[in-house]
Amino acid sequence: MNLHPEAVTRDTVYMLNYTSGTTGDSKGVKVSHWAILNTAIVCNGLFAMNEDDILIDYLPAPHVFD
């Protein structure tokens, strides 16, 4: 089988996040590859981490900042 993945750009949708709908109908938000990468780049400068640190992530995808 020959797979030919699509080209990914900064504006390509990475995931859809849906609100819980606690204040009304649930709404979906498109999150791009650039939004995820940019958050990682910004946070990298805010939090001093090294190879000995451990991160346990237990929050669901809608908590993008996590």
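The values are calculated or read from the model by the stated rules, or taken from the named source; none is laboratory data. Quantities reported herein were computed from a predicted structural model and do not represent experimental measurements. No Cβ is skipped: glycine too gets one built from the backbone with ideal geometry, and neighbour counts run over all protein chains shown. The accessibility values were calculated without ligands, DNA or RNA, using every heavy atom of the protein model including side chains. Shrake-Rupley method; radii C 1.70, N 1.55, O 1.52, S 1.80 Å.
Summary of values
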item: Residue list for the range 34-45, filter: open to solvent by 100 Å² or more (accessible area, probe 1.4 Å) and modelled with pLDDT under 85; result: Asn44
item: Close pairs from the range 4-18: first among the basic types (Lys, Arg), partner open to solvent by 90 Å² or more (accessible area, probe 1.4 Å), Cβ under 8 Å, at least 6 apart; result: Arg10/Trp34; Arg10/Leu37
item: The range 19-33, subset of a type outside the set (S, T, N, Q) and touching a residue at least 24 places away in the same chain (Cβ under 8 Å), residue most open to solvent (accessible area, probe 1.4 Å); result: His33
